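Report on the structure given below.
FYI, it's all coordinate maths here, none of it is from the lab. Predicted model only: the values in this text are computed from it and were never measured. In this analysis, Cβ positions are derived from the backbone assuming ideal geometry, glycine residues included, and neighbour counts consider all displayed protein chains.
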Amino acid sequence: MSIKRRITIGFGVLVAGLLLFFSIFIYQNYESYRKNLIRSRLQRRALGGQLYFQDRMEFHRSSYLTLTDQHEIILNSKNQVLYNSSGPDDYKLTAKLLADAREQEVYFEYHAKPWSAAKEGVALAFKVQGVTYVSVVTAYDLTGRQANENLLFILITGNVILLVIVAFASFWFARRALRPFDGLIRQMDPAAVNDFSFRLKNESQGDEAAYLATSFNELLGRLQTLAISQEHFVSYASHEIRTPLTVVKGVLETSLAYDKHLSDTRQSISKALVRLEGAIELANSLLHLAEVEGLQAEKFQQDINIVDTILDTITYFGEKHPDQHIELRLTDTFTEYSSSVKILGNATLLRTVLNNILENASKYSDSKPIDLLVDLENRQLSVKVTDQGIGIPGSEINDIFLPMMRAANVGNLPGFGLGLTIAKKIIDMHRGTFIVESKKDQGTMVCILLPALPFS
C-alpha cells in the first residue's frame, strides 16, 4: 500500500472517529434535554390533577393544552379511579407502580401503537385535605421525537458528506506533500543508479525530501570513493601478488632446467623463499585489513593503559630493530592528568597502529632518530611520531590512506602500502583522528588523537 493511500485512510479514519464521537455527544445531549423537557411537562400536568379537587372548571380548561396521545388517570388511596381522561388508555397500571409513586415520583417508558418510539409517563402522589391521591399522565413526545429524528438524519448526512470531502482533501494534501518524493523516485532509474556519479536533484529546500536527497547523494559519494578505492586495491594487490609468484615460478623452472649442483639448487630455493616470504607478508597484510574492516567499533570499550601500550610497542619494535633510536617524551600535562582520564579501546589494535607508524618512520628515514611525544590537549590524547626521512610529495599526501598506494619517491624500499590504511581504519574505529603532515625530503609527522574521557 502506497504512503498516499495510507495517509488518506489513516486521516479519514481519524476524522471519522472524531466526527462520530462528536455526533454521538450532540445526539446524547439532545436526547437528555428532550427527556428532561417531556418529563417536566408530564410532571406539571400530573401536579395539575390537584385542580380536579379544587377548581374543576380550571382543571378542564387546562385539559385543552395537551400533549400528543395524552392520557390522565387520578386514583384515590384505595387505587380506585376518580378521573380518566379521553386520551388512549394504553398503559396498564400495576399495584407496584402505584405503591412506588406514593413513595416518590416515578418516570417510565413503554411501547404502544402506532408509534415506533416509546411513549413516556409520570406517576406521582399529592395530598388534598389529608388524603393521598395518585396522578398518572402518559403521552407521546411527537415534537421532540421528530426533532430527534431530524437531528439524527442531519448528523448522518453531514458525516457522510464531510467524510467524502475529507477523503478527497486528504488525498490531495498527501499528493502535494509527497510530490518532492515522487520527483526523487522518478529520477531513480536503475540504469542511472548503477553509475556512482549519479546524483539526485531536488527543488525543495529545508524539508525531509531535501534531507533525503542530500543523504543519498552523500552515500553515493562514499560508494563512489569506495568503488574507486576497490578498483585500485584489486589492481595493485593482484599485481603485487602475481609478481613474486611469477618470479618464484621462473626461479624454480630455471633451477629445474639448469642447476646441476646442490649448491646452485639451494641458492635458487633461497631466492624463491625470499619472494614467497614477501607474498606471504602481503597476504597476511591483506587478511589483516579485511579483519579490521569487519570489526565493530562498539566492541572497543576496554579501559587501556596507554603508557603501557606505548612502552610494549617500543620494546617489541626495539627487539626487531636494535639499532633504531626512539626518543619517548611525556609532557607535564600528560603526566599530571593521565591518572584522571581513561582511554577506551583495544590495546592490541593500538599497538598495531603504533608499530606500523614506527616501521614507516624507521624504514623511510634510514634508521635516523625518531621522536615520540605523548600529550593531553583539549580532552584528547595526542601521540605524535616525527621522523627525519624522505617525506611525502605534496601531490600524493591525500592518497596515502588508499590501499596499496605508495609515494613515488620510495624507490626500492620494501612495502605494500597497507600499513597506514590499516592504521587509519583502526583509529577511525576508536573514534579518533589520524593526521599526517609531511614535506618531501623534510621528514614526516604522524599524529594520533584519541578521546580522553574523565573517570566517573
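A few comments on the model shown:
- For residue 147 and residue 214, the FRET efficiency from 1/(1 + (r/R0)^6), where r spans their Cβ atoms and R0 equals 35 Å, is about 0.05.
- Label-point separation in nm, residue 179 to residue 100, each point 7 Å along Cα→Cβ: 6.6
- Virtual spin-label span in nm between residue 27 and residue 76, 7 Å along Cα→Cβ: 4.9
- Neighbour-count ranking [beta-carbon atoms within 10 angstrom, fewest first] of 340, 170: 340, 170
- Taking amide H positions as modeled 1.01 Å from N, with prolines and chain starts lacking one, the residues under 5 Å from residue 380 and 5 or more places away or on another chain are 452.
- Packing-based exposure ordering (other Cβ within 10 Å, fewest first) of 374, 160: 160, 374
- Of 384/440; 92/119; 249/363; 342/439, pairs whose Cα-Cα distance is over 23 Å: 249/363; 342/439
- Charge tally around residue 217: other residues with Cβ under 11 Å, Lys/Arg +1 each, Asp/Glu -1 each, net +2.
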